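In what follows, a structure is listed as C-alpha cells, so that the remarks can point back to it.
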Amino acid sequence: MQTSSLAALKEHALHCARSAGKLSLARMREPFTVEYKTSASDLVTAVDKEVEKHVIDLILAKYPDHGILGEERTFAGDPSQFDTLWVIDPIDGTTNFVHQQINFSVSIAVYHKGEGLVGAVYDPSRDELFYAVRGEGAFLNDRPLRLERHVRLEEALLCTSVFWNERAEQMGIDQIVKKLAGKVRGMRLLGSAALEMAYVAAGRLDGYVSLSLNAWDFGAGRIIVEEAGGRVTSMAGTPLPFDQKSSVMACNPAFYEELQHYLNLSESNG
Ligand code: 2AM
Ligand code: CA
C-alpha cells in the first residue's frame, strides 16, 4: 500500500473510531435494550448493533471495495472475499457499557492480505484515542507510546479476562491466575480486551493474557502493542490470526519468555 493511501486509511480509521465512540456515549445516556446472546453473562445491546452499522456505513462510503468483519455481523458481504478487511468491534466491553458506564471502547483495525496496517482503540468516556500505523509507531492522542522501560515479571501489573466464559475453568483460567498471582506485582481484570491491550502499549499495564478472544477483540490492540515495542502472540507463541479466534498474550518484551514459562503451555492454549 502506498504512503499516501496509508495516511488516508489512518485518518478514516481514526475518524470512524471517534465517531463510533461519541455515538455510544450519547446512546448510553438514553434508555436502551439489552439482550442475552448465549447467556446472562454474554450481552448485546441495541447500541452495539447501531454503532456497528454506523461504522460500516462510514467505511463503505469512502472505501466501497473493502470488506468488514464485525462482531455484530451487520456487514452484508463475506469478509473472507476481500483483500482489505476492516476488523471492528463497535463496543468492546459491552458488560461495562451496561453496568459501569465506563471502561468500554471501540476497536477498529485495517488488514491488507492479513497484514495489520492501522489499529485504533478509542475510549469515549476518557476521550483517549490509542492508535498505530504499521512501521510508524503507536500513539495515545498525539503522544508517542514506546515501551522502553525494562520491566521484570515480579514488577509487572498483568491483566486477564475470560471469566465470562462458562468454560473458563475447563480452559484453565483458574490455574493461570493461581500460577501468576505469586510471581507478579498484581493482577487486574478490566473487561475490555481492546482497552487492556492499549493500556499495555501505554505502559499502564505490563501484560495481558487471555485464553480465548475473537479477532475483533484483539485486531487493533495487537497492532498498537507491536508498534509500541511490545510482543504479541498466542499463548503458544505463534503469530495471531487476523480473522479468527485465538488465545492472546501481549506484554513488555523484557519478560515475554518468562511469562510464557509460567503459562505452562499446552496444545489447548494455542
Ligand atoms: P465484548 O464486550 O465485545 O463481548 C471481557 O473480558 C472481554 O472478553 C471483552 O473484550 C469482551 O468483548 C470479550 N468477550 C466477551 N464475551 C466473549 C465471547 N463469548 N467470546 C470472546 N470474547 C468475549
Ligand atoms: Ca463487542
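In contact with an Asp or Glu (Cβ under 7 Å, 6 or more places away or on another chain), touching a residue at least 12 places away in the same chain (Cβ under 8 Å), surrounded by 13 or more Cβ atoms within 10 Å (Cβ to Cβ) and assigned to a helix (DSSP H, G or I), is that true of Glu72? Talk me through it step by step, then tell me what you get.
Working: in contact with an Asp or Glu (Cβ under 7 Å, 6 or more places away or on another chain): yes; touching a residue at least 12 places away in the same chain (Cβ under 8 Å): yes; surrounded by 13 or more Cβ atoms within 10 Å (Cβ to Cβ): yes; assigned to a helix (DSSP H, G or I): no.
No; evaluated as a whole, the condition is false for this residue.
Here's the yes/no breakdown for (1) within 16 Å of ligand 1 (Cβ to nearest atom); (2) out of contact with any strand residue (DSSP E or B) (no Cβ under 7 Å at 6 or more places or on another chain); (3) on the phi > 0 side of the Ramachandran plot:
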| residue | (1), (2), (3) |
| --- | --- |
| Thr94 | yes, no, no |
| Ser107 | yes, no, no |
| His112 | no, no, no |
| Leu129 | no, no, no |
| Val133 | no, no, no |
| Glu136 | no, yes, no |
| Leu140 | no, no, no |
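Failed condition for Asn103, given (1) in contact with a Gly (Cβ under 7 Å, 6 or more places away or on another chain); (2) at negative phi; (3) in contact (Cβ under 8 Å) with a residue 24 or more places away in the chain, with all others met?
(2)
If the requirement is being among the basic types (Lys, Arg), under 20 Å from the mean Cα position of the chain (by Cα) and either within 16 Å of ligand 2 (Cβ to nearest atom) or surrounded by fewer than 21 Cβ atoms within 10 Å (Cβ to Cβ) (or both), which of these qualifies: Arg185, Arg167, Arg146? Reasoning before the result, please.
Values: Arg185 fails: under 20 Å from the mean Cα position of the chain (by Cα); Arg167 fails: under 20 Å from the mean Cα position of the chain (by Cα).
After applying the criteria, what remains is Arg146.
Quick check on my filter: what residues within segment 214-245 are over 12 Å from the mean Cα position of the chain (by Cα) and assigned to a strand (DSSP E or B)?
Matches in segment 214-245: Arg231, Thr233.
If we scan segment 203-218, do we find a residue that is polar (S, T, N, Q) and out of contact with any helix residue (DSSP H, G or I) (no Cβ under 8 Å at 6 or more places or on another chain)? Break it down into steps so the answer makes sense when it comes.
As a first pass, look at segment 203-218 and keep what is polar (S, T, N, Q): 210, 212, 214.
Filter again for out of contact with any helix residue (DSSP H, G or I) (no Cβ under 8 Å at 6 or more places or on another chain), leaving 214.
Checked against the condition, which is being polar (S, T, N, Q) and out of contact with any helix residue (DSSP H, G or I) (no Cβ under 8 Å at 6 or more places or on another chain), segment 203-218 yields at least one hit.
List the number of the failed condition for Val47; all other conditions in (1) over 15 Å from Gly21 (Cβ atoms); (2) in contact with a Leu (Cβ under 9 Å, 6 or more places away or on another chain); (3) within 16 Å of ligand 1 (Cβ to nearest atom) hold.
Here Val47 meets the rest and fails (1).
Quick one: Ala236 ticks every box in (1) crowded, with 21+ Cβ neighbours inside 10 Å; (2) away from ligand 1 (no atom under 14 Å from the Cβ); (3) among the hydrophobic types (A, V, I, L, M, F, W, C) bar one, so which box is it?
(1)
Laboratory data are not the source of any read-out in this text; all were calculated from the coordinates shown. Since this is a predicted model, take the numbers as computed values, not measurements. Backbone-built Cβ (ideal geometry, glycine too); neighbour counts: all protein chains shown.
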